[in-house]
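Notes to accompany the following structure.
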Amino acid sequence: MNENTFKERLKLFFIKNQRSSLRIRLFNFSLKLLSCFLYIIRVLLDDPAQALGCKELNRSCSNQNYTPGTIDWSPIIWVNRSLPLWGLQVSVALISLFETLLLSYLSYKGNIWEQILRIPFLLEIINAVPFIITIFWPVLRNLFIPVFLNCWLAKHALENMINDLHRAIQRTQSAMFNQVLILISTLLCLIFTCICGIQHLERAGNRLTLFDSLYFCIVTFSTVGFGDVTPKIWPSKLLVVIMICVALVVLPIQFEQLAYLWMERQKSGGNYSRHRAQTEKHVVLCVSSLKIDLLMDFLNEFYAHPRLQDYYVVILCPTEMDAQVRRVLQIPMWSQRVIYLQGSALKDQDLLRAKMDDAEACFILSSRCEVDRTAADHQTILRAWAVKDFAPNCPLYVQILKPENKFHIKFADHVVCEEEFKYAMLALNCICPATSTLITLLVHTSRGQTAPWEAFRQLTGTKQTLNRESQQSPEQWQKMYGRCSGNEVYHINLEESTFFAEYEGKSFTYASFHAHKKFGVCLIGVRKEDNKNILLNPGPRYIMSSTDICFYINITKEENSAFKKHEKHRKKHESKLSYHGASRLPVHSIIASMGTVAIDLQDTGCRTSRGPTLALPSEGGKEGRRPSIAPVLEVADSSSLQTCDLLSDQSEDETTPSDDEVSAGLEYAKGYPPYSPYIGSSPTFCHLLHEKVPFCCLRLDKGCQHNYYEDAKAYGFKNKLIIVAAETAGNGLYNFIVPLRAYYRPKKELNPIVLLLDNPPDMHFLDAICWFPMVYYMVGSIDNLDDLLRCGVTFAANMVVVDKESTMSAEEDYMADAKTIVNVQTLFRLFSSLSIITELTHPANMRFMQFRAKDCYSLALSKLEKKEREKGSNLAFMFRLPFAAGRVFSISMLDTLLYQSFVKDYMISITRLLLGLDTTPGSGFLCSMKITEEDLWIRTYARLYQKLCSSTGDIPIGVYRTESQKLTTSESREMASQSQISINVEEWEDTKDTKEQISYRSNHRNSTSSDQSDHPLLRRKSMQWARRLSRRVPRHSSKTAEKINQQRMNLYRRSERQELAELVKNRMKHLGLSPAGYDEMNDHQNTLSYILINPSPDTRLELNDIVYLIRPDPLAYVPNTAPSRKDSFCNTVGQDTREETQL
């Protein structure tokens, strides 16, 4: 094909070139609209009485009356067309005909009839050729020509123009837009054709105007049919019939296609318009599959913040919306604010539909229910890359599953690695009970909303509740627990704060204590203006600056509290207060000056530098007085700081190891782990061995050439074990070991760690853990009782059951935890004194943990949970005893941490510092201490706060309390009856009978089966065993017969708990283990535990309370002239984290 020919050049300009072709079609479309407009002008100027083509026909039109049955065709054939109008119409017709012929010539492909018989070509000939004929035959200038049919040519030109427009701008509109355009244009053409046709034909009848014809068409097509305007002659009636038939054929087809596209659009979600994106604020949520739980968690947490109420949420998901999500998004509260788009984040078209470049943030969540979690991470990484490439300025909030994949998305603004947080939280649960519940409540936005004055009274310590959870709770512990669960972490600039502005130039501990005493807020950390690192409890040597950002725990943030409204009133009273003493503290608190009793401290100001603030009870002075609680100094004094005990007053075991430790090689070094299993792990100073342990010695249950131990008992550990039951030794498990071996943990408190793995670990993981002291692994499962006994479950302090990846997905969603729940229930029944910490996939399944069907108290809590869920609570399960006690945890509860970071960008950093995942120089760490009888003289939480701040510099943030559970009368009787029944298994072992082993095995089989039997079956089996035994041993003395009868009655009456105890002891004997460590009746089932976050200052301390502390970094006080790194680190490890704290 020669492109230089004239035809090819024309074709290139008129057809091939997108932009020139678009201009040609736009010009053609304009011509057709102009011809229709000229026709309307001709109709408006026309008078049917003068519509004659020649003078000899005037007489036929003189009679204006219409006679039925006769039709005067002259008004139909002839019209009155003025000369200028005729000239315009002829010009338009010539141009249109020329363009049509030229395009037909250029698109000719050898079949001329195909070009001629096309409907657009025929319509063009009908409308243009007659006008050209009138040029040569003037008599026909008033001949009627159906120019209104050009509307169909305009419709055809419009469709071609839209296609060329898409090609020219390289952008495609949705099929929905094109179909709607076609439908509207078809409907308009039908109506316009009918209007013009009826009006012209009725020139010989009713002589209808255009408006009358429009009215008639609308009434007819809408099937109303008033009948006030009707056609009179048969041609117009015939036209109406034809138009109705055409409409009945064409319009349903168009509507069907439109409905189909609308349904498809509803599935895909459509578009988020650019105008809305530029005038409204929205965030985009990218997920691979959207579950109802994930959606509701996100929406409830995101919209819990008042300033986010005007935001829109655009969900971009590649799968079709399921029925549950569809029903939820149809609720008016969500339907106006949530937009679902079906599409992929890897497609720029879908990102454009979501207007990602205008979004305020993009949340990319991983699918944790996938069997292959690594593949799920890879998908998340690609989504993050795609979004960053498309919208570089859009903030990214990414959730990743495995820590080894985290370094691929370091460019994201906020990243939450699920396995990092999970294992670190489970590890801290072993040394700081219920850390998982503490963190979950802190990162959960309280849904309670109260009036400002009610929030003010709550802050001042009066008996007002903020959370609806506590308002609905009938018991005292539930009220306290629910009220304190509303505490969150907030931030404010020091110079703008009412809470902390007066402490500029004073020490951090001074500011924290006095802010808590005055306002009930707990100052936990600061951040300098020129530094991005947050410091948790930097200690008494840190001096507060006006530009510091303060982070504090409180029921509500200061800006929403009533203190701002009463600031002027406070300043008036503040000027009248007297100051005395070194600390310059007001005698009475600001709250007391407002007329409310804040804290029962009776003028606790520091009167003199010598006088104590709080006196000891008189009983303490008999055997030797302890020092009284010293005042908290404004500026740290090195001579009076007891924090230096961490450096100078070391315990003997830290400075000079004992002979046993030296002989056993237990003198540990401190340093950074030499090998990390994955890229991106934060370096943490830890207790390490001088030399790494051979891999063979890491196996707990198999001896090697270095040792011959084959079970946990043989090792003779001084501290109780921590057992972790996991499916595989993933890299995240490394984060379980590091917090338990951190340098600030006292060496004498290090618990041996045993990893009970379903699959053997790989060499890379063993390389990472072989440097840590007392870390072992064993291949086994919690399904097997023998494996549990070998790994030392009877000597364990904590048993951590990690959710298995292979069971995270199930056909029925909530059944993913079935195996884990049943296994943990078995452990709970066999080893009731064992502290079991369980991870579940779905938080709703925690109601099955430690399940007891006849426990009336648990049933009452179940009803309370259902009520809270019906009210839309975000944490409806918070009153469940396993969750309140920190014995169950679900990683999905930490999803709110990522969502909350959109408003509080510091929450991830603070959580990582609390969990020990990050270590910032000068930042403190989370630990705990236990309240003993010797500490009860402190009496209240406020006095404890002062004691800790003035002595060790610790900041308490909460209390973990354990109480006795009140049993009903029936339950107490059942427990009493079970405790009175006992059986001595050893008595029958003294019988010197040759068939001892047979009877013993029979007894063992019945004991094993009784664990899964009902009581009637148990009795029947026991009696059968006793009868067989009596038949096999017929000759016995009366004393022996009496023993047999006693044994029979004991078997008949013994409880299920004793059956389980006998089963465990028999297996221990079979494995060659001593059953001495198995305490069968030590049952903790009748206690309940809960957390009080930042309780009110007047809260009374109780025996065995565990106080959560943020302890200053010991290294922050080490002088730079330390002789060696080892010595300096040895000096930092001082007193007992929980029990040796000087009070």
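The values are calculated or read from the model by the stated rules, or taken from the named source; none is laboratory data. None of these values were measured; they are calculated from a predicted model. Virtual Cβ from ideal backbone geometry, glycine too; neighbours counted across all protein chains shown. These area figures cover heavy atoms from the full protein model, side chains too; ligands, DNA and RNA do not enter into them. Shrake-Rupley method; radii C 1.70, N 1.55, O 1.52, S 1.80 Å.
Only residues that are open to solvent by 10 Å² or more (accessible area, probe 1.4 Å), of a type in the set (A, V, I, L, M) and under 31 Å from the mean Cα position of the chain (by Cα): list them for segment 780-804, please.
Within segment 780-804, ILE782 is the sole residue that qualifies.
Enumerate the pairs (first residue in segment 284-299 and under 18 Å from SER335 (Cβ atoms) and part of a helix (DSSP H, G or I); second residue anywhere and open to solvent by 30 Å² or more (accessible area, probe 1.4 Å) and not acidic (Asp, Glu)) with beta-carbon separation below 6 Å, excluding pairs fewer than 6 apart on the same chain, so at least 6 apart or on different chains.
ILE292/GLN324
What number of residues within segment 761-779 satisfy the criterion of being surrounded by fewer than 19 Cβ atoms within 10 Å (Cβ to Cβ) and closer than 25 Å to VAL822 by Cβ?
1
For residues that are in a loop (DSSP other than H, G, I, E, B) and either touching a Lys or Arg at 6+ places or on another chain (Cβ under 6 Å) or closer than 22 Å to ALA884 by Cβ (or both), tally how many sit in segment 479-525.
Here the count works out to 3.
Could you check segment 324-352 and list, in sequence order, the residues that are farther than 15 Å from ASN271 by Cβ and either in contact (Cβ under 8 Å) with a residue 40 or more places away in the chain or open to solvent by 60 Å² or more (accessible area, probe 1.4 Å) (or both)?
Once the filter is applied, which keeps residues that are farther than 15 Å from ASN271 by Cβ and either in contact (Cβ under 8 Å) with a residue 40 or more places away in the chain or open to solvent by 60 Å² or more (accessible area, probe 1.4 Å) (or both), segment 324-352 yields GLN324, ARG326, ARG327, GLN330, ILE331, PRO332, MET333, GLN336, ALA345, LEU346.
Scanning segment 211-229 for residues that are modelled with pLDDT under 85 and surrounded by fewer than 16 Cβ atoms within 10 Å (Cβ to Cβ), which turns out nearest to ASN80 (Cα to Cα)?
So, considering only residues that are modelled with pLDDT under 85 and surrounded by fewer than 16 Cβ atoms within 10 Å (Cβ to Cβ), the one nearest to ASN80 (Cα to Cα) is ASP228.
Give segment 1098-1109 a look and list any residue that's surrounded by fewer than 23 Cβ atoms within 10 Å (Cβ to Cβ) and in contact with a strand residue (DSSP E or B) (Cβ under 8 Å, 6 or more places away or on another chain), or say none.
Across segment 1098-1109, the qualifying residues are ASP1098, THR1099, ARG1100, LEU1101, GLU1102, ASN1104, ASP1105, ILE1106.
Please count how many residues of segment 84-109 are open to solvent by less than 50 Å² (accessible area, probe 1.4 Å) and free of Cβ contacts under 8 Å to residues at least 40 places away in the same chain.
Total meeting the criteria: 4.
Being without any contact (Cβ under 8 Å) to a residue 60 or more places away in the chain and open to solvent by less than 70 Å² (accessible area, probe 1.4 Å) is the filter; apply it to segment 230-244 and report the residue that is farthest from ARG42 (Cα to Cα).
It comes out as ILE244.
Hey, among ILE253, ILE191, which residue is modelled with pLDDT of 85 or more, β-branched (Val, Ile, Thr) and either open to solvent by 70 Å² or more (accessible area, probe 1.4 Å) or under 29 Å from ILE77 (Cα atoms) (or both)?
Of the residues listed, the single one that is modelled with pLDDT of 85 or more, β-branched (Val, Ile, Thr) and either open to solvent by 70 Å² or more (accessible area, probe 1.4 Å) or under 29 Å from ILE77 (Cα atoms) (or both) is ILE191.
Inside segment 900-923, can you point out the residues that are at pLDDT 90 or above, over 12 Å from VAL489 (Cα atoms) and not small (Gly, Ala, Ser)?
Result: PHE902, ARG912, LEU913, LEU914, LEU915.
Could you run through segment 432-447 and say how many residues are modelled with pLDDT of 90 or more and open to solvent by 10 Å² or more (accessible area, probe 1.4 Å)?
Within segment 432-447, residues that are modelled with pLDDT of 90 or more and open to solvent by 10 Å² or more (accessible area, probe 1.4 Å) number 1.
Hey, could you check segment 175-219 for residues that are in a helix (DSSP H, G or I) and of a type in the set (Gly, Ala, Ser) and say which is nearest to the chain's Cα centre (by Cα)?
Selected residue: ALA175.
Would you pick out the residues in segment 689-737 that are farther than 26 Å from LYS804 by Cα, in a loop (DSSP other than H, G, I, E, B) and open to solvent by less than 60 Å² (accessible area, probe 1.4 Å)?
LEU689, VAL693, PRO694, GLY703, CYS704, ASN707, GLY716, PHE717, ASN719
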